[in-house]
Amino acid sequence: MLRTHTCGELRIDNVNNEVTLSGWVQKIRDKGGLMWIDLRDRYGVTQLTLEEGRTPEQALKTARELGREFVISVKGKVIERYSKNDKIPTGEVEIDVQEINIQNASKTPPFVIEDETDGGEDLRMKYRYLDLRRGEVRRKLELRSKMANAIRNFLSDQEFIEVETPVLIKSTPEGARDFVVPSRMNPGEFYALPQSPQTFKQLLMVSGFDRYFQIVKCFRDEDLRADRQPEFTQIDCEMSFVERDDVLDTFEGMTRHLFKSIKGVELGEFPRMEYAEAMSKYGSDKPDVRFGMEFVELNDVAQNKGFNVFDQAELVVGICAKGCAEYTRKQLDALTDFVKRPQVGAKGLVYVKCNADGTFKSSVDKFYSQEDLKAWAEKAGAEAGDLMLVLSGATNTTRKQMNELRLHMGKELGLRKKDEFKPLWVVNFPLLEWDEETERFHAMHHPFTSPLKEDIAKLDTAPGEVRANAYDLVINGVEIGGGSIRIHDKATQALMFKHLGFTPEEAKAQFGFLMDAFEYGAPPHGGIAFGFDRLCAMFGGSDSIRDYIAFPKNTSGRDVMIDSPSVVNNAQLDELGIRLKED
Ligand code: ASP
């Protein structure tokens, strides 16, 4: 028998038991006559003890040959520890070793395999299998597994059927570039990896499956911003005979269940906010509503007083930072530098201090009287002791800049608390988004999203104003999920493709299968997909999704452990009928 117990199992009640443990040597302390070894497996660490005169010679000899990360099995007796370690569950006992068998030797690992490690990110990724031995890393994947189980149970209980959809599919325009896979059997033709199973889940609704889900890999060939992965996991769901609120209620329920069962956090009702309101109040379609500091539009009180910058601006907008009137010159300069950073891109920042004595001090005193500034303060709900920060310019850009400043202030003032969770549904996104580069409209969500009924007439006259029956779930300023009620009739789907610039032939070539299916009795349907990696990261209290993926890729899309992507040999290319371009 290679083990009677795991390395995380033995307690004081086991004293005098004869046991066999197996695991990895984490640490060896050799004090001459006395020796301790920390033995680790997935479940914990148990201390082994050996002593000259007490421990059999053979065992002592073998112990002296050990190095870090050797795999061993030991036989011995559980004894009470003299100096106890209350930091680990096995800390009251140790094993008085009788016999050691080396199962496998190990080279000295390139970094320390403990929660606190000296290994940098690159090195840990190259030896990810060693990194995964660290408790801290493994616990993240344990959380992920627990969440996947909770999701499966919850959705199965609600009659959702888990269906696997194909990975080798056909290119679908969902905003990102497809990964393509050449087909040996069909030379010159390519599969695409799914950006999501969108059309398949809709087809399953046509098939009458009624409720579908899948925890599924999706692939997008995008430039990888800090927290993106080319392959990631979605909790993908679709429901038939539903309206928007049916979908939102169901997934609000799932989210609440997860928070309760996994984190012990009770979430209340999720507020629902129009996209347009989110943009005007927070300058973002994923506002962090853990704190207020809502935008206040100041055009009517700030314009036409001779300050050219504001007079020329489409939008003058402010936020009120409570209790910040005492900010020093240095702090205000730092805020100005913040908004002027290229990533934010504002030209400058106007401030108004609401002094304790009821007077105002601003960076634009030259143009505005105390009365004027009082009117701003009233509008912004700023009181004595508060600081107003004001930006101006074109509406959309200024809102984006103010969003950055608001989030920055929220962080500075400690208002974005890690242990507080504020969910929000953002609804009624625009259906179409104008793309300056290609000079045409793109679907903001995807081409299968239904317009709001009352807006359909505007498709021909003011396409940019048409709202979609689409929704995102946002928690603490992070987009956790998104979906929509779908188009389920051929005529509307064809109209949508037309507005996206497809000729009827192009639409047929790409989506004929879906449009055909819509002619055989497609039920009204809608759905949602959650970013599972991100949800796990949020539950684990981390900003990085990479930590929650067993074998992630780096920011260049490379797996540095298996060294992929990599070249393939000429024979493989020949077989695929592919010739590489020569530079
Ligand atoms: N397929 C969509 C996405 O990946 C989600 C949905 O509409 O259900 O964003």
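The figures follow:
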| read-out | value |
| --- | --- |
| 10 Å Cβ shell holding at most 13 others, DSSP loop, chymotrypsin sites (Phe, Trp or Tyr not before Pro): longest site-free stretch of the chain | 242-583 |
| Cross-link partners of LYS84 among lysines (Cα-Cα below 20 Å; sequence separation of 8 or more within a chain) | LYS27, LYS31 |
| Label zone at ALA276 (point 7 Å along Cα-to-Cβ), backbone N below 12 Å, the stretch 457-479 | 465-468 |
| Cut-off 11 Å between beta-carbons: net charge of the residues surrounding ASP245, Lys and Arg +1, Asp and Glu -1 | -2 |
| Backbone HN-Hα couplings from phi across the stretch 558-564 [Karplus 6.51/-1.76/1.60, Hz, Gly and Pro as x] | 9, 9, 6, 6, 8, 6, 9 |
| The stretch 504-582, relative contact order [Cα under 8 Å, separation at least 6], % | 11 |
| Alpha-carbon centroid distance for the pair the stretch 261-319 / the stretch 454-518, whole angstrom | 28 |
| Size of charge dipole - the stretch 412-542 - debye, nearest 20, with Cβ of Lys, Arg +1 and Asp, Glu -1, no other charges | 460 |
| Length added when fully stretched, ARG184-LYS305, from 0.36 nm per residue minus Cα-Cα | 36.4 nm |
| Extension reserve of the GLU142-LEU224 stretch, reckoned as 0.36 nm per residue once the Cα distance is removed | 26.9 nm |
| Local electrostatic count, ALA325, Cβ distance below 11 Å [Lys/Arg +1, Asp/Glu -1] | -1 |
| Table column - 3J(HN,Hα) (Hz), the stretch 491-505, Karplus curve with 6.51, -1.76, 1.60, x for Gly and Pro | 5, 5, 4, 5, 4, 4, 4, 4, 5, 8, x, 8, 6, x, 5 |
| Gyration tensor verdict on the stretch 408-516 (Cα atoms; rounded if a/c is under 1.5, prolate if a/b is larger than b/c, oblate otherwise) | prolate |
| Three-way shape label, the stretch 285-329, alpha-carbon gyration tensor, a/c 1.5 | oblate |
| Which of VAL309, MET279, THR255, positive extreme of dipole for the stretch 254-314 (C-beta unit charges) | THR255 |
| J(HN,Hα) series, the stretch 432-439, from Karplus relation 6.51 cos²θ - 1.76 cosθ + 1.60, nearest Hz, glycine and proline x | 10, 10, 7, 9, 4, 5, 8, 6 |
| Sequence of GLU439, GLU326 once ranked by neighbouring C-beta atoms within 10 Å, starting from the fewest | GLU439, GLU326 |
| Residues ILE102 and VAL478, FRET efficiency given R0 of 41 Å [Cβ-Cβ distance, rounded to 0.05] | 0.30 |
| Dipole magnitude (debye, nearest 20) for the stretch 1-128, charges at Cβ of Lys, Arg, Asp, Glu | 260 |
| Additional length obtainable on full extension of the chain from ASP157 to LYS84, 0.36 nm per residue less Cα span | 21.7 nm |
| Residue-averaged 222 nm ellipticity for the chain, from DSSP H runs of 4+ at -39500 (n - 2.57), nearest 500 | -8500 deg cm²/dmol |
| Loop-resident sites, the stretch 240-315, for GluC sites (Glu not before Pro), counting at most 10 other Cβ within 10 Å (DSSP) | GLU266, GLU269 |
| Relative contact order of the stretch 92-209, pairs being alpha-carbon contacts under 8 Å that are 6 or more residues apart, as % | 14 |
| Residues whose placed amide H lies under 5 Å from that of GLN98, excluding near-sequence neighbours | LYS75, GLY76, LYS77 |
| Rounded, prolate or oblate (a/c below 1.5 giving rounded, otherwise prolate when a/b exceeds b/c) for the chain by Cα gyration tensor | oblate |
| For SER564, SER363, order by how many other beta-carbon atoms lie within 10 Å, fewest first | SER564, SER363 |
| Sequence-distant aspartates and glutamates (8 or more away, or on other chains) whose Cα lies within less than 19 Å of LYS347 | GLU297, ASP311, GLU314, ASP333, ASP337, ASP365, GLU404 |
| The stretch 182-270: relative contact order in percent, alpha carbon pairs under 8 Å with at least 6 residues between | 21 |
| Loop-located trypsin sites (Lys or Arg not before Pro) in the stretch 363-464 whose Cβ has at most 14 other Cβ within 10 Å (DSSP) | LYS366, LYS417, LYS418 |
| DSSP-assigned coil residues among GluC sites (Glu not before Pro) in the stretch 476-538, each with at most 16 further Cβ atoms within 10 Å | none |
| Point-charge dipole on Cβ atoms (K/R +1, D/E -1) for the chain, about Cα centre, debye to 20 | 1420 |
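Where a number appears in this text, it was derived from the coordinates with a stated rule and is not lab data. Here the structure is a predicted model, which is why all the values come from computation and not from measurement. Note that we place each Cβ from the backbone using ideal geometry, even for glycine, and neighbour counts take in every protein chain shown.
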